[in-house]
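Everything on this sheet refers to the single structure shown next.
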Amino acid sequence: MWRVTLRGLFAHKVRYALTALAVLLGVAFMAGTFVFTDTIKHTFDGLFNDVYRNTSAVVRAKQPFTPGANFSNQRRLIDADLVTKVWQVPGVTDISVGVEGYAQLVGRDGDAIGNPAAGAPTLGEAWTSGADRMEPYRFAEGRPPRTHNEVAIDKHSADVGNLEVGDRVTVLTKRQPREYTITGIVRWGTADSPLGASITLFDLATAERVLAEPGRADEIDVAAAPGVSQEQMADRLRAALANPRLEVVTATKVTQEGQTSIHQALAFFDAFLLVFAGIALFVGSFLIFNTFSIVVAQRMRELALLRAVGASRAQVIVSVLGESLLVGLVASAVGLGVGVGLAVGLKALLAAFGFAIPSSGLLVTFRTVLASIVVGVTISLAAALMPAWKAGRIAPVAAMRDVEVGGETRKVRRSVCGAALLAVGAGLLLVGLFAGVPHPMTYVGAGAATFFVGIAVAGPLIARPLCRVIGAPLSWRRTGRLARNNAMRNPKRTAASAAALTIGVALVAVISVMAASTKSSIASVVDSSMRADFVVTGAGQPGGMSGFSPTLARRLEALPEVASATGIRSGAVRISGSTSVVLAVDPRHVDDLFDIDLRQGDLTEMGSTGIAISQQIADADHLGLGDRLPVAFTTSGTHDFTVQAIYGARSLAGDYVLPVAAARRHFRSQLDFQVYARLAPGVAAATGRSAIDQVLSGYPNATLMDRTEYKHAQEAQIDQLLGLMYGLLGLALLIALIGIANTLALSIYERTHELGLLRAVGMTRRQLRAVVRGESVVIALLGTVQGLVAGVLLGWAVVTALESQGVTRLSVPVSQLAIVGVLAVLAGVVAAAAPARRATHLDVLRAISHH
Amino acid sequence: MTTSVVRDEAREPVASHTAARIVDGVKIYGEGATLVRALDGVTADFATGEFCAVMGPSGSGKSTLLHCLAGLDHLTSGQVLIDDVDLSRLNDKAMTLIRRDRLGFVFQSFNLVPTLTAEENILLPLTLAGRKPDRGWFEALVTSLGIGDRLRHRPSELSGGQQQRVAMGRALITRPALIFADEPTGNLDSRAANDLLEQMRATVDELGQTVVMVTHDAHGASYADRLLFLADGQVVEELHAPDKDTILDTIRKLGD
């Protein structure tokens, strides 16, 4: 039977080539993701090992809770003069004092280098003289900073900012911006900079002053004499320091922490890409299913003949499955190769976004190879299962009869199955979205997949009437009716081809609806809650280390044109068992600048141990005015706060708002990530703007926006993400189009005689092309219409579920979705190109000859 | 359209009594060892209003002759003239238009477009040309073909005989200069075959239609005005108003 399988494959190489391409693309996407993230993990594991290779143990402040991977360093500072005590511990050979904080370089062109609000962090660190071998940085040029006027910078920033040793450079810190002389340019191990972050190195005393506080540091790194193990050194330090607020950990542990945080950050990225790879594979499986169904139908006589001459049912099934196995194997193997190439592209893409990744060879693990082959083969086999089963059921007598290709649909069974799948899918989706179960995305994913299979199963029932409606505008043309009829003649085939596109389009519609709704929600929050005329942004994000020096808000408020200005700070806290970023504001300014929708209490009177909470939290946790609420900080442990206000503007402020006095006492970062300003009465916007701009000229990282600009900036961020997701869905859409092209090609092969006849009785090539194109457009539109309907419904459900996350408005981007429709028509035309070419170049004589 | 002008001129009896003509037709397939001379210098005229049958053993070149006459295939050398138009000078598009406007076809099978109704199939050449059908002519055709009550049916809902009569209707709807029939009765039972042959005879007698039919059936050939015998790519015998016995005798004679 293997010979039959192989012959079958070779006889139909073109149709299998397209099928293989679908699997190949999905596998390549998956393999590319694996190779890429494995390579990065491997590279950074090595780099972190390198960073602490000469360190034995680290002394740092104990942290009451760990805020998580997406927070910057939130640890309390320690006294730098602990160094004296540490030196007395036997076996200590070297000490390096670690100080880390916000520092941003200004390039030669006057623009700040890096954007911590949307990219890699901009950090300042201390260079401890005399402990060079413990430093993670190596000097590529120049020497370390020795005075309070000197800095060394990383090579990546030097390249970006066009800076050289000896140049004067402005550095932004929590203090006033000021100029330093560059004494050296460093690399982080083999990388130009750690993960693309911008690094400024100060001498220790300067670092303490501009990054932390004078006499305070983040950690003390200790090198040990040969023969003293990391554990021994840590034990000795613990005993010598005997301070419960400090912790001493081995360098191995710190290395692991660094590696783990990279792994965690990558895990999200990994999952994000793999979801899209999964979508591509899912869509590809429809293509495989359809191809094998059509091929089995077309080979019915041949397969029946095999049965007639003695092949068992199992043999026929195995021969069809064998073909799919081979297709899957070849496609997976090639896909793996393409995936490696894709990983190179991903690296380049990320570098373009500012995350420089050190060059190193690509890491193709056994896991990657195994997963690619297993996934590719499994998908191929699974999708061919049903067609193979059908092949097995072909009666031997079919070899003797002229049978119409493509059987009748069993309407009742199909309706019941389709409805059941749609119901189960919708149920899982709703559970995932609204039931508050653990791992809701698993439910949503499974629900969506089931729902789409349901659409595919029920599809043939509605394909005919839908095609009739969709094709109606075509039928005024002579060739249009033929095209529409062709799309309607085999609803199963049409529906299956369209289903692949339905999935892609539905997902496009879902994210379009989500994005539009989020944008409109943000706009409404800005409109209803922002009383400030201007906001200064660009320095960082909540929970980050960077921000504006508090002097900025003070200088703005001092302007006669400005009535009120305040900075917003953020920090990691743990309240009622969950960790979150909370905002801190100056209570005196809140009413001037925001409409926080106060429900109870008074925010302006909030004392340093007061806290404001959202109505939702008040309801959920049964909290009222005057209730005590314990809040844990990373720096200082748990403190009791009193609820002094309850507000409604949760999408603006989150669940908790602290007074800035509490932030000063307990937050690690004392920088404002945004500053809001309101103009004095009677001051024209332009006048106010130029006054503020004057102040901002000293802060090159600052971007001044009025309310409209701020809205647009927020929207632009969402659009960027949207663009990325469209790009990633593009692959699934491409596979769907290949599917349509493949179906058309197979149909044309099947209709050779009919096309020959049409040509013989006088259809021109142009007309024939129009017929094929028309059919393709009808199928593409069918898929698109189904996808748009399903996607908008799904988007509506998701937006409803996100209401508590601040997405309060449902917005359907009609014009955008209309564009999708237009693109579908174009896509249909493109997909028809190759099959139409084949059809028009058909040898008329051979097509009509019956010999 | 110029084609209608051409047709009207062609209808002038003085202009031409010859609907189609092949002069020194040579058709060679393959090369070297596999070279086949399917047509080896065929010259024949097909007069307007004549029912001409072509017979010959397999490989005699009768199908090739039909295909070349019908503009479905090009001669290697020689000339085919339809309405005095030299087909060898035409490109694919012009050839297609000649087929659409001047020629009609009836094949053994695969004769109708399955997604179209009988009426749409009959009107197909006009639809493709974007021309309005002459309703009177259409009504007359379907009535004489006896398919007036089947017009809304799809081919799969028609018997083989009915399908071939629909195909006849399609061939006739454009009032072509010439109808080519390629073994039109091959897939029909004897009653349906007789019906169809009567029908073809009637179009020649009553409408002055010209028909060229390839067949290997002596009974079918006996309906023709003239019968050409082909062997090895050449015309080897010609019979006028043949009867069945003469045909069978000739076949036997040629077979020796």
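Quick look at the values:
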| quantity | calculated |
| --- | --- |
| Lys, Arg +1 and Asp, Glu -1 on Cβ, resulting dipole of chain A about Cα centre, debye, nearest 20 | 5100 |
| Selection from A:Thr442, A:Ala225, A:Thr206, by position along the positive dipole direction of the protein assembly as shown (Cβ) | A:Thr442 |
| Estimated distance in nm for a label pair at A:Ser690 and A:Arg168, the labels positioned 7 Å out from Cα along Cα-to-Cβ | 2.8 |
| Helical mean residue ellipticity (222 nm; -39500 (n - 2.57) per DSSP H run of 4+; nearest 500) of chain A | -19000 deg cm²/dmol |
| Average beta-carbon neighbours from other chains, 10 Å sphere, peptide A:760-772 | 6 |
| Filter on B:Lys27/B:Lys253; A:Lys41/A:Lys62; B:Lys62/B:Lys93; A:Lys519/A:Lys711 - keep pairs with C-alpha separation over 18 Å | B:Lys27/B:Lys253; A:Lys41/A:Lys62; B:Lys62/B:Lys93 |
| Between 0 and 90°, nearest 10: helix A:707-750 axis offset from chain A longest Cα axis | 20 |
| 0 to 90° range, to nearest 10: angle between helix A:13-51 axis and chain A longest Cα axis | 10 |
| Within segment B:166-198, backbone nitrogen closer than 19 Å to the virtual label 7 Å beyond the Cα of B:Arg131 toward Cβ | B:167-180 |
| Approximate spin-label separation A:Thr252-A:His639, in nm, with each point projected 7 Å along Cα-to-Cβ | 3.9 |
| Cα gyration tensor shape of segment A:163-312, rounded if a/c is under 1.5, else prolate or oblate by comparing a/b with b/c | prolate |
| Nonlocal amide H pairs with B:Ile179, under 5 Å, H built at 1.01 Å | B:Gly104, B:Thr210, B:Val211, B:Val212 |
| Within segment A:216-252: backbone nitrogen closer than 11 Å to the A:Arg133 label point (7 Å, Cα to C-beta) | A:223-226 |
| Share, in percent, of DSSP beta bridges within the protein assembly as shown that are antiparallel, nearest 5 | 75 |
| By average C-beta atoms within 10 angstrom, highest first, the peptides A:410-420, A:718-728 | A:718-728, A:410-420 |
| Cβ neighbours within 10 Å from other chains - mean over A:813-826 | 0 |
| Extension gain (nm, one decimal) between A:Asp81 and A:Asp111, 0.36 nm per residue minus Cα-Cα | 7.1 nm |
| Calculated FRET efficiency for the pair A:Arg393/A:Leu349, C-beta based, R₀ 56 Å, to 0.05 | 0.70 |
| Cβ-based charge dipole, chain A, positive-most Cα from A:Pro90, A:Ile522, A:Ala663 | A:Ile522 |
| Theoretical FRET efficiency, 1/(1+(r/R0)^6), r = Cβ-Cβ of A:Lys62 and A:Leu385, R0 51 Å, to 0.05 | 0.35 |
| Separation of the A:Ile462 and A:Ala205 label points, Cα + 7 Å toward Cβ, nm | 7.7 |
| Residues with amide H under 5 Å from that of A:Ser564, placed H, sequence gap 5 or more | A:Arg678 |
| Label-reachable residues, segment A:647-678, where backbone N falls under 12 Å from a point 7 Å from A:Ser578's Cα toward its Cβ | A:655-656 |
| Magnitude of the charge dipole, segment A:764-851, Cβ model with Lys/Arg +1 and Asp/Glu -1, debye to 20 | 520 |
| Ranked by how many other beta carbons lie within 10 Å on average, peptides B:77-85, A:86-94 from highest | B:77-85, A:86-94 |
| Top of B:Ala129, B:Ala241, B:Ala19 by mean-square fluctuation, Gaussian network on chain B, Cα under 10 Å | B:Ala129 |
| Lys, Arg +1 and Asp, Glu -1 on Cβ, resulting dipole of segment B:2-255 about Cα centre, debye, nearest 20 | 680 |
| Net charge of Cβ neighbours under 13 Å - reference A:Glu164; Lys, Arg +1; Asp, Glu -1 | 0 |
| Selected from A:Ser651, A:Thr708, A:Val364, residue furthest toward positive end of dipole (chain A; charges at beta carbon) | A:Val364 |
| In sequence order, calculated HN-Hα J values of segment A:679-687 (Karplus, 6.51, -1.76, 1.60; Hz; x Gly/Pro) | 6, 5, x, x, 8, 5, 4, 5, 4 |
| Cα Rg, Dmax, segment A:550-698, angstrom units | 16.2, 48 |
| Segment A:729-744-segment A:282-348 distance, computed between alpha-carbon centres (Å) | 16 |
| Segment A:Arg245-A:Ser815, extension gain: residue separation times 0.36 nm, minus the distance between their alpha carbons | 199.3 nm |
| A:Gln315-A:Val431 FRET efficiency (beta carbon distance; Förster radius 35 Å; 0.05 resolution) | 0.20 |
| CD proxy at 222 nm, helix term only [per DSSP H run n ≥ 4: -39500 (n - 2.57); per residue of chain B; nearest 500] | -11500 deg cm²/dmol |
| Using alpha carbons only: equivalent-ellipsoid semi-axes of the protein assembly as shown, gyration tensor based, whole Å | 82, 31, 27 |
| Distant-in-sequence amide H partners of A:Gly98 (H built 1.01 Å from N, under 5 Å) | A:Asp218, A:Glu219, A:Ile220, A:Asp221 |
| Residue-span extension gain [A:Gln264 to A:Arg588] - 0.36 nm each, minus C-alpha spacing | 112.7 nm |
| Long-range tail of P(r) for segment A:56-258 (Cα pairs > 28 Å, %) | 27 |
| Calculated P(r) of segment A:551-616 - Cα pairs past 21 Å, % | 34 |
| DSSP bridge orientation in segment A:56-258 - percent antiparallel, rounded to nearest 5 | 75 |
| For chain A: relative contact order, % (alpha-carbon pairs under 8 angstrom, 6 or more apart) | 17 |
| ³J(HN,Hα) computed for each position of segment A:654-669 - Karplus, 6.51 cos²θ - 1.76 cosθ + 1.60, integer Hz, glycine/proline x | x, 7, 9, 10, 9, x, 5, 4, 5, 4, 4, 7, 10, 7, 5, 8 |
| Computed Kirkwood radius, in angstrom, where 1/r is averaged over Cα pairs of chain B | 18.7 |
| Integer Hz, Karplus 6.51/-1.76/1.60 couplings in order for segment A:823-840, x for Gly and Pro | 4, 4, 4, 4, 4, x, 5, 5, 4, 7, 4, 5, x, 5, 4, 4, 5, 6 |
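Computed from the coordinates by the stated procedures, all read-outs in this text should not be read as laboratory data. Every value quoted in this text rests on a predicted model; they were computed, and no experiment measured them. Backbone-built Cβ (ideal geometry, glycine too); neighbour counts: all protein chains shown.
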